[in-house]
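Take a look at the structure below.
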Amino acid sequence: MAGWALLLDYLFLPMINFMVIGLYLNAALPQLPVWLIIIVTIVLVTAMNVLGIKVAAGLNSALVGIQAVFIVVFAVMSFAAVSGYAEPISPLSRSATPTSNSPRSLPVRPSCACRSWDSTPSPLSPRRRATPPRRSLAPS
């Protein structure tokens with residue numbers, strides 16, 4: 001049974017990741033349909049995997065650099081909002097609803113998709129105790 005769970009995990013997690021990428025980019029660029037974003041992302045990831053590990057490592061380094069730039073931009077914008085130089089963005093504003101297409105709604109849209117398939121067991125998930133074997137193959 002554990003093998004089937006791992007197989008399903010390997011099948012469903014990439015699907016959910018591509019769906020979340022499609023939803024996020026569609027929220028930022030509403031003129032692009034979600035299905036097109038998903039297909040382009042699948043083609044890019046497949047091409048990167050086919051080209052090899054060195055290409056994947058280089059692209060991963062570039063993505064980490066882009067993330068660092070976004071962290072710096074976020075920190076500067078946060079400092080500007082806290083210090084009073086800019087108006088802070090309220091998560092309770094009307095533009096933060098899941099039906100809007102503003103960048104403020106980005107964390108709201110795919111939250112259900114991210115939690116829809118979670119392979120880590122929670123403390124409340126049912127567990128079966130391992131039953132001891134009826135006979136042992138080890139020499140006595």
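Of all residues in region 31-56, those satisfying the criterion of being surrounded by 13 or more Cβ atoms within 10 Å (Cβ to Cβ) and more than 17 Å from VAL20 (Cβ to Cβ) are MET48, VAL55, ALA56. Go through (1) assigned to a helix (DSSP H, G or I); (2) among the hydrophobic types (A, V, I, L, M, F, W, C); (3) more than 15 Å from the chain's Cα centre (by Cα) for ILE37 and report which single condition fails. Result: ILE37 fails condition (3) only.
Computed from the coordinates by the stated procedures, all read-outs in this text should not be read as laboratory data. Note that the coordinates shown come from a computational prediction; the quantities given were computed from them, not determined experimentally. As a convention, Cβ positions derive from the backbone with ideal geometry for all residues, glycine included, and neighbour counts pool all protein chains shown.
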